[in-house]
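Working notes, structure below.
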Amino acid sequence: MALVQTTGSAPLALPDEQRGGALSRWISRHAAILILGAFLLILPAIAGSFILDQIVAWALILGMIALSLMFLAGYGGMVSLAQMTVAGVSGYMITVFGASSLPAISLFWPWWVAAPIAIIIAVGFGTLAGALSARTEGIYTIMITLALATAFFYLTLQNWPIFNGFNGFTTIPAPHFLGVNWRASVPFYYMTLFFAALSYFAVVYISRTPFGLALQGVRDNPRRMEAIGYNVSAHRIAAYAFAALIAAVGGILLVWQNNQISPFSVGVDVVINLLVIAVVGGLSHPIGPFIGAIIYVILRTFALDVLVAVGLDGRRFQTLIGLGFLVIVLFSPDGVIGIWRRFASRMRASTERSGF
């Protein structure tokens, strides 16, 4: 059946050959994403629980939270250091309203009640952060969001009646429903993969909607967008709310994965790590944060073993991680995405010169 387009009132039929050509071009442009998606779907058949839990699932969760930062920075020009804090708010709230090892604090509501409440509160916090910083740019946005992250860290550290202070919470169960223990390695991996993919495609879709295009206009020239009738502050606050939704879901998954949360889960060092993940992966495309997250997780997991194997002090593993990120950023300000694009461009140029 031929595809029909309309120009005015006259239908125009596209030949099947053109339809096939458009499909092949779409597949070629998205080949890497399609191959990666197929690999992730079959990964449990070839990988053990350690790879699924401690490498890929962790990277997907960190990638989701970093994706919320990438959405704000890449499409809105707003570098927010409060995204891990939003995830922390969600993680703490699922613990307070749900189940934990502290019945004196936790309310033990069912997960399907506690999780939406936690997400709503976290989105409210993220929207408030957006309202406070919407009229600022550059270093001022960074400082305001960093101040919010620092304030929340000290609040959780010093507050015992709600957040249990320094100790935090442990024994936070993941849901059991449909007869499945969703904290088991394979179910949890697929649950994490589902939400990571949903977040990725949501960001890709939003970036192409009128709101997303207007947000990119606000990023490029806020004064001109305001002059032609757009509410710049409203667009920025809405972007913060959407980004907070992604970070909030990632925060709940992170708590379920670690089975605990404490003030040091949302400390300033963790906030900076998230920024590094997003920058190293690349802020120009939604896949960048996930690339940065897998690099970070691999270095974080195996750097200690590498140092010990070569006879160096294992406590220096953070230095190795920092050097790895520094090398990537120095070679490509746009992170790994930039390196890949330059490589692909050179390959295409080489192919054209060779006549293929």
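Here, each number is a calculation from the coordinates, and none is a lab measurement. Remember, it's a predicted structure, so these values are computed and weren't measured experimentally. Backbone-built Cβ (ideal geometry, glycine too); neighbour counts: all protein chains shown.
Indicate the gyration tensor shape class of segment 137-249 (rounded, prolate or oblate), computed on the Cα atoms with a ≥ b ≥ c the square roots of the eigenvalues: a/c under 1.5 is rounded; otherwise a/b larger than b/c is prolate and the rest oblate. Oblate, because a/c is 1.5 or more while a/b does not exceed b/c.
Approximating the spin labels as points 7 Å out from Cα along Cα→Cβ, the ILE228-to-ILE139 distance works out to 3.2 nm.
Full extension from SER345 to ALA47: what is 0.36 nm times the residue separation minus their Cα-Cα distance, to one decimal in nm?
104.0 nm
Classify segment 64-120 from the C-alpha gyration tensor, please: rounded if a/c falls under 1.5, else prolate or oblate depending on whether a/b exceeds b/c. Prolate, since a/c reaches 1.5 and a/b exceeds b/c. Before anything else, pin down the relative contact order of the chain: Cα pairs under 8 Å, at least 6 apart, normalised by residue count, whole percent. Relative contact order of the chain: 25 percent. Counted residue by residue at 0.36 nm each, then reduced by the alpha carbon distance between them, the extension gain from ALA104 to VAL180 reaches 24.5 nm. When the Gaussian network model of the chain links Cα atoms closer than 10 Å, the mean-square fluctuations of GLY212, GLY229, GLY48 top out at GLY229.
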